[in-house]
Structure formats: structure tokens, C-alpha cells
Amino acid sequence: MKFDYDVIIIGSGPAGFSCAMQSSKFNKKVLIVEANADHLGGAWINSGTVPSKSLREAAKSIYNFHSQFADENGRKPYEKFRMEDLLQYKKSILENKNQKVKNDLIKNEVETYRGWGKIIGKNEVEVTNQLNESNIFTAKKILIATGSSPEEPKNFEIDHSNILNYESILNVTHIPRRLIIIGAGIISFEYATIFAALGTRVTILTDSNDVLPFLDHEIKDELLTLLKKKNIQLYTGVGVEYVGVNKLRTCTEVGFKAQSGDTRLQVIETEHVLYVGGKKPNLKNLGLDSVGIELDEDGYLNVDDGFRTNVDNIYGAGDVIGFPSLASASFVQGQLAASNMFGGTTENYTNSIPYGIYSIPEISGIGLTEQDAKKQNIDVTVGRAYYKNITQADIGHLEDGLLKLVFRTDNLKLLGVHIIGDTAPDLIHLGQSVMAYDGDIRYFFQHVLNYPSFSEAYRIAAFNGVNRVHKAGVKYKKILKNDN
Ligand SMILES: Cc1cc2nc3c(=O)[nH]c(=O)nc-3n(C[C@H](O)[C@H](O)[C@H](O)COP(=O)(O)OP(=O)(O)OC[C@H]3O[C@@H](n4cnc5c(N)ncnc54)[C@H](O)[C@@H]3O)c2cc1C
């Protein structure tokens with residue numbers, strides 16, 4: 001049977017985009033169907049990764065400038081800078097990025113069609129545009145890359161004016177003096193530190209007793225200390241009773257109660273509330289039932305190692321398949337899905353995925369934490385480097401930070417790297433490479449690393465770690481010489 005396309009990709013986020021690029025490199029005829037009439041790029045460019053990082057970059061520049069060249073009148077950043085300037089900074093980046101994505105698709109002869117895509121047969125996608133006109137396209141393969149959307153709160157409503165979600169906060173028109181963030185996931189800490197850098201008083205409320213449980217415990221301790229330093233208040237184990245606008249006092253109020261101990265109602269007044277709940281996959285009205293596509297128990301697409309659903313020519317990648325729901329992973333998944341469709345490879349990507357939290361300063365990690373290793377009864381030692389001992393951090397007055405190596409005591413094999421501090425999401429890749437090649441921590445002092453650079457932290461942490469294993473003296477000298 002002859003099809004219109006080799007592959008139809010529903011969704012133009014990182015998963016769809018990278019699948020399109022890779023398919024085009026295999027000389028395949030590709031159509032991307034995108035529901036957003038104005039923009040390509042999905043949450044990646046329009047409501048998630050790039051816009052939040054652009055705001056962060058602007059806030060960080062303001063913070064660095066403000067903290068290093070302090071205002072002699074003691075003014076807060078929000079008294080000197082306007083949200084309008086930050087929004088303009090973000091807007092220019094998004095416009096530029098949108099154009100680059102468009103150009104890349106054109107250069108690679110990927111066709112795009114705007115409208116809502118719905119699978120109506122194993123090889124058929126119906127696309128309905130804004131004028132309610134429908135067209136049917138056929139393809140050998142289909143990729144579902146429709147991403148995810150923010151979940152709604154249970155006991156209050158997002159009005160996108162005072163009470164925001166992670167999409168509407170991107171367009172807040174002035175720097176709030178007070179912000180309450182409900183929920184304590186990665187995005188919460190990013191926005192908490194972005195606004196704290198601008199002088200906003202930030203409070204985070206969460207019903208969990210713990211935050212970011214996947215972090216190495218020492219990195220978390222550093223984070224909690226940093227939050228205090230930045231005057232960010234964190235309430236764990238509390239339930240939000242109500243969120244409402246107090247017209248009389250022209251503010252928004254949040255009432256909450258501790259879930260144990262003193263359970264009296266506490267009320268905080270604020271300008272804005274940012275709700276950061278979970279995400280839900282965009283799988284409704286996609287026609288999955290028409291071809292019998294199965295979901296997993298959490299409602300995500302069930303795919304195999306090659307990103308194939310239970311229907312053999314239909315694939316899924318990106319947030320629709322669940323963890324880790326990151327642009328970083330979506331790019332790789334989309335590309336590998338294309339390879340599996342057309343390259344005939346059995347390539348699979350490693351489960352060792354780094355995470356990056358773009359708070360100020362950033363946090364990143366890969367592999368086992370010290371507590372994971374202990375739980376698994378692996379005898380590990382750690383090596384630490386504090387940013388205050390790194391020349392590059394001195395030079396930038398960026399002395400808050402820690403890089404921690406977790407490695408096997410017997411053979412020094414690197415099992416995990418955990419960093420809080422400037423450039424952590426970049427810095428992590430050196431550790432990732434050493435781990436991927438089964439290397440040990442001697443790599444970091446047997447190779448010359450640029451100086452000054454934040455990578456110096458690896459050298460210091462490796463020395464610190466080896467010292468702990470062998471103490472100073474004869475054994476230590478031996479290990480430096482021993483290449484086995
Ligand atoms: C605030 C925030 C910050 C983030 N920061 C980071 C970060 O720093 N690093 C990182 O790696 N990740 C980050 N992420 C996560 C990242 O944005 C997502 O994991 C990624 O965008 C998912 O890619 P995707 O291709 O699966 O879907 P998306 O990027 O969501 O794109 C899906 C596209 O499909 C379209 N679509 C949906 N349904 C249909 C349909 N039926 N027909 C046609 N089109 C349809 C949508 O309009 C959308 O354009 C962040 C997310 C948020 C919300």
C-alpha cells in the first residue's frame with residue numbers, strides 16, 4: 001500500500017522534533033502535525049524549558065550584578081528592574097528559537113501541518129484545523145509525541161491572574177513582593193530561587209514531609225541551608241485549606257494547616273500564588289482506542305525499549321511515556337524511535353540519566369547517591385569539593401556549592417556524582433562520561449583539567465576521596481602509581 005508519508009509525528013516538542021530530524025536523515029518523508037496554531041516546539045520552547053531558563057538567566061544576571069555591586073541605597077532588585085525587561089529578554093529568545101526550529105525543519109524538508117491530530121486507523125491520522133476543517137493523512141509509521149499538561153489543584157482554581165500555574169507565571173507583569181508556591185517539585189525550587197533573586201519573599205508549602213527525595217542527603221542539606229540564606233521559607237507536611245482573593249485587603253490569602261502536631265489554621269497573605277502540581281500526559285481525544293493502544297497503570301503510553309507501543313507501527317516518545325519527562329530525555333527518545341523505525345537498530349539508551357535542577361545555584365546529579373549505595377550494601381567512600389575551595393568560584397564570588405563523588409572503596413570506580421553550585425548541569429557530564437566508560441576517580445587527577453574552571457572541583461574531590469580510602473602515606477603513594 002502507498003502512504004502519503006513514511007512517518008507522521010503528532011506533536012512538535014523535543015521528542016517530535018528529534019524524531020523528524022532523524023527520520024529526514026534516513027531520507028524519509030515526514031509530516032509533523034502540531035495543534036498549536038502559533039508556535040512549534042511544545043513545552044520545550046513555549047511554556048517549559050526554554051522560557052523558564054530564559055527568565056532564570058535574566059534573574060541570575062540581575063542577582064549577580066546586584067549582589068556584587070550592591071546598591072548604596074539598599075534598594076531591592078525589584079525596585080531597580082522591571083518584569084517587563086525580563087519578559088522582553090525571554091521573548092527575544094523564544095522568537096529566535098522558534099525561528100531556528102522552523103528553519104531546521106524546512107532545511108530538512110520536514111512538512112508541518114497545523115491542527116489537532118487524531119489516530120483513526122493503524123496508518124491514518126485525521127487532522128482538524130482551527131476552522132474545523134479535517135484532512136486525513138496516511139503513513140507507514142506514527143509517533144505520538146503530544147507531551148503533557150499541568151495538573152489542576154483539587155481545592156482551588158487557577159485564575160491565571162493572582163493564582164498561577166507554571167504556564168501563566170511566565171507572563172506575570174510585575175515582580176511580586178510576595179509569592180507563595182504550592183508544591184515542592186523541581187519547578188518549585190527553580191521559580192522560588194528565580195523570584196528570591198529578584199527580591200521577592202518566597203514561601204513554599206508542601207504536603208510531603210520531605211522534598212526532592214532523590215537528592216543525595218548532603219546536597220539536600222546544602223540546598224536547605226541556601227534556602228534559609230535566601231530567606232525562602234519552606235513548610236513541609238502542611239495541607240492547603242483554601243486559596244482565595246481578599247478584596248478588602250487587595251491580596252491573595254492562603255490558609256494551611258500542619259498535618260500533625262499543632263494543626264491550627266495559619267494564613268499567609270501574598271500577591272501571587274504559583275501552583276506546581278504534577279503533569280498529566282496529553283493522551284485524550286487522540287483516538288488511541290480506535291487502534292487499541294494500551295496505557296500503563298499510571299496512564300502513560302506503554303512502550304518497549306524501542307519506543308514502540310503494542311501496535312507495531314505506532315511509537316511514543318517524550319512526556320507521554322512518563323519518567324523522566326524531561327526535554328533532555330525526549331530528544332534522545334525521539335531520535336531513537338526514528339532509528340528503530342527506519343534504521344533497523346536495536347539501540348537503546350542508558351537508564352543512567354542525569355537530572356538538572358535550574359535553581360540559583362543549580363543542582364545536578366547522576367548515578368548512586370551515598371544513601372542509595374548504602375541501601376544496596378555497596379562499600380562506598382565519598383570525595384567532596386566545596387566551591388569555596390575552587391578558584392573559579394572565588395573569581396565569580398560564587399562560593400556556595402559542593403561537588404560530591406561516590407565511588408567504590410575497593411577499586412575507586414565512580415558510581416555517582418552529585419553537585420549543587422554554579423554550572424552543575426554542565427559539570428555533571430564529565431562525571432557522566434567517566435561513569436559511562438566504567439572509569440575510576442583517578443581520572444580526575446591523572447588528566448590535566450583547565451584552570452581556573454569549575455571542573456577543578458573534580459580534581460579536589462577525587463584527591464579528597466582517595467585520601468579517605470588510603471589516608472596519607474605509603475598506601476596513598478601506591479594508589480597514585482597504580483594504574484590497575
Ligand atoms: C516549567 C518547566 C520547566 C522545564 N524545564 C526543563 C529543563 O530545564 N530541562 C528539561 O530537560 N526539561 C524541562 N522541562 C520538561 C520539558 O519541557 C518536557 O519534558 C518536554 O517539553 C517534553 O517534550 P515532548 O516532546 O514530550 O512534549 P512537548 O514539548 O509538551 O510538546 C508536545 C506538543 O504536542 C502538541 N500536541 C498535543 N496534542 C496534540 C494533538 N492531538 N495534535 C497535534 N499536536 C498536539 C502540543 O501542542 C505540543 O506542541 C520543563 C517543563 C516545565 C513545564
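Here, each number is a calculation from the coordinates, and none is a lab measurement. Keep in mind that this is a model prediction, so the values were computed, not measured. FYI the Cβ positions are ideal-geometry reconstructions off the backbone, even for glycines, and counts take in every protein chain you see.
Things worth noting here:
- 10 Å Cβ shell holding at most 12 others, DSSP loop, chymotrypsin sites (Phe, Trp or Tyr not before Pro): longest site-free stretch of the chain: 215-436
- Three-way shape label, the chain, alpha-carbon gyration tensor, a/c 1.5: oblate
- Relative contact order for the stretch 163-277, counting Cα pairs under 8 Å that sit 6 or more residues apart, in percent: 34
- The sum of -39500 (n - 2.57) across all DSSP H runs of n ≥ 4, divided by the residue count of the chain, sets its helix-only mean residue ellipticity at 222 nm to -9500 deg cm²/dmol.
- Calculated on alpha-carbon atoms, Rg and Dmax of the stretch 102-240 in Å: 21.5, 57
- Distance cut-off 25 Å, percentage of C-alpha pairs in the stretch 242-360 lying past it: 49
- Couplings 3J(HN,Hα) of the stretch 106-118, computed from phi: 5, 4, 9, 6, 8, 8, 10, 9, 8, x, 7, x, 9 Hz, in residue order, whole Hz [Karplus 6.51 cos²θ - 1.76 cosθ + 1.60, θ = phi - 60°; x for Gly and Pro].
- Annotation note: trypsin sites (Lys or Arg not before Pro) in the stretch 252-351 located in DSSP loop regions with a Cβ neighbour count of at most 12 within 10 Å are ARG264, LYS284.
- Note on the stretch 361-480: dipole from Cβ charges, positive end direction compared against GLN432, ILE419, GLN446; the farthest Cα belongs to GLN446.
- Here the stretch 163-277 is treated with +1 on each Lys and Arg Cβ and -1 on each Asp and Glu Cβ, and its dipole about the Cα centre works out to around 520 debye.
- Both radii are taken from the alpha-carbon atoms of the stretch 163-277; with Rh as the Kirkwood radius, Rg/Rh is 0.96.
- Given charges at beta-carbon only (K, R positive; D, E negative), |dipole| of the chain in Debye: 1220
- Relative contact order [Cα under 8 Å, 6+ residues apart], the chain, whole percent: 14
- Distance histogram in 10 Å bins (all Cα pairs of the stretch 344-471, percent per bin): 13, 45, 31, 8, 2, 0
- For the chain, leaving out every one of the GluC sites (Glu not before Pro) that falls in a DSSP loop and has at most 15 other Cβ atoms within 10 Å, the longest unbroken run is 158-293.
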